[in-house]
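Structure record follows, encoded as structure tokens.
Quick note: the coordinates plus some simple rules give every number you see, no bench work behind them. Please read all numbers here as calculations on a predicted model, not as lab measurements. Virtual Cβ from ideal backbone geometry, glycine too; neighbours counted across all protein chains shown.
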Ligand code: PLP
Ligand code: COI
């Protein structure tokens, strides 16, 4: 086996990167049906150079995490939601849908097979799970592939944004759009991320933690924040954008439920950029980002700065939401929503 025997990290310092683990898991879709589940210890994929994923971006991915709990158990967080979103992406770019039971079964298998890479409890680190569905059939004309590979690999990770639960500064990009109003922004396809690379690099080069996109049509409303959704807190209300060009975040969906459960009002509606002046607090949320409270959002081209914390520290509502959300994921408290799923046998 092609193992990573040198793996012995300092869990308090681990970042968000790729580490080779022992196994990945694969399943091919050929002749209109899914085949047997295969376990592989090879990090490489063998495919035709004419595969549709390479030329026409016929690929979907997902992002989940496995959490080692205080009680030693390993939990997944709403994996059936990721399965449903990948099915929606598949419909969006004409790929076969991975059934939810296959998706969840393969997720549990790959986590179990790589159990030694699941970070111990107490460091905020997790095992990131990356499902990938790609068109592998050789097709030079622009049309859907005749064959697909669904695979999942895992890699241990720490915080996505530097500093973890600490405030970050973000930059509005007016030069680039990530996705069009009726385009693929609602799907998790690689093309959206290719479209974001320049804006993301410019933001980092200027010292920001990431980039904010406005709606592509009017350049008026807040869309999302790099690879995370946006929410703002105004008094007793959690406000988050409604847009046809953002990814429906499972974190955001869960935080909306949690906020309501905690007694806040929830509004999902277009958020004009100027409204940023009115929020008491705000955050970027996603599987990788968890909740990253926002200090400032700067509209560089229009020379405007929106300050979203009082003293540069995470605000009380972001902190309350974060603490409860993470406590559920790491099994530190009751899971009143039935969101977590224990992976048996680890
Ligand atoms: N928006 C984009 C563009 C993303 O890539 C992600 C990450 O998956 C999110 C939002 C957050 O979604 P989720 O909370 O489901 O991880
Ligand atoms: C996630 O939050 O899971 C993501 O997919 C972000 C990723 C693009 C790094």
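Only Cα pairs within less than 10 Å get springs; with that Gaussian network setup on the chain, which residue of 75, 198, 85 has the largest fluctuation?
Checking each option, the largest mean-square fluctuation is seen for 198.
What is the gain in length, in nm to one decimal, between residue 16 and residue 4 on full extension, counting 0.36 nm per residue of separation less the C-alpha to C-alpha distance?
Residue separation times 0.36 nm, minus the Cα-Cα distance, leaves 2.5 nm.
Quick one: if you stick a label point 7 Å off each Cα along the C-beta vector at residue 130 and residue 217, how many nm between them?
3.4 nm
Can you list, bin by bin at 5 Å, the percent of alpha carbon pairs in the range 168-329, starting at 0?
2, 9, 20, 24, 22, 14, 7, 2, 0
What FRET efficiency comes out for the pair residue 180/residue 307, r = Cβ-Cβ distance, R0 = 41 Å, nearest 0.05?
0.85
For an R0 of 22 angstrom, estimate the FRET efficiency from the Cβ-Cβ distance between residue 257 and residue 73 and round to the nearest 0.05.
Efficiency, from the Cβ-Cβ distance: 0.45.
Please give the direction-averaged projected area of the C-alpha convex hull for the range 24-157, in square nanometres with one decimal.
Taking the Cα atoms of the range 24-157, their convex hull projects to 8.1 nm² on average.
For a protection proxy built on the mean count of beta-carbon atoms within 10 angstrom, sort 7-15, 311-319 highest first, please.
The peptides rank, most packed first, as 311-319, 7-15.
So what is the relative contact order for the range 24-157, in percent, with contacts set as C-alpha pairs under 8 Å and at least six apart?
Rounded, it is 35 percent for the range 24-157.
Write down the radius of gyration of the chain and its Dmax, each obtained from C-alpha positions, in Å.
20.1, 60
Could you tell me the relative contact order of the chain? Use alpha-carbon pairs under 8 Å, at least six residues apart, and round to a whole percent.
After rounding, I find 19 percent.
Multiply the residue separation of residue 116 and residue 265 by 0.36 nm, subtract the distance between their alpha-carbon atoms, and state the gained length in nm to one decimal.
Between residue 116 and residue 265, full extension yields an extra 49.5 nm.
Once you put a point 7 Å from the Cα of residue 197 and another 7 Å from the Cα of residue 41, both along the Cβ direction, what distance in nm separates them?
Inter-label distance under the simple model: 3.3 nm.
Over the range 1-102, what is the relative contact order in percent, taking alpha-carbon pairs closer than 8 angstrom and at least six residues apart?
With pairs under 8 Å counted, the relative contact order is 16 percent.
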